Amino acid sequence: MTTQQEIYRILDEKLAPQNLIVIDDSEDHIGHAGSADGKGHFTVQITSTKFDNLSRIQCHRVIYDLLDDLMKTKIHALKIVILYSPR
């Protein structure tokens, strides 16, 4: 399973998102000092009712906590885009 797939699986399982896109941006960062260790760069775009009544910072913290093991081993950079559901 790729890191991109692992990120998707974890977030899908834990947050039951209405919308989830995980993009592997690693190729755009080849030669970047942070990519030398083999860790990847990713963008997550997500909409989830689990984020209702949470601040943007709290939403990011939830995602970082869920991906903690991957952040230590496979993810160098993570861009998070929270897309709120229309009410």
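Every number in this text was worked out from the coordinates using simple rules, so none of it is lab data. These figures come from a predicted structure and were not determined experimentally. So basically every Cβ, Gly included, is an ideal-geometry build from the backbone, and we count neighbours across all protein chains shown.
Relative to the current alpha-carbon distance between Ala77 and Ile10, full extension at 0.36 nm per residue lengthens the span by 22.4 nm.
Based on alpha-carbon atoms, the Kirkwood radius and the radius of gyration of the stretch 3-82 give Rg/Rh equal to 0.98.
Spin-label model, Leu66 to Lys50: label points 7 Å out along the Cα-to-beta-carbon direction sit 0.3 nm apart.
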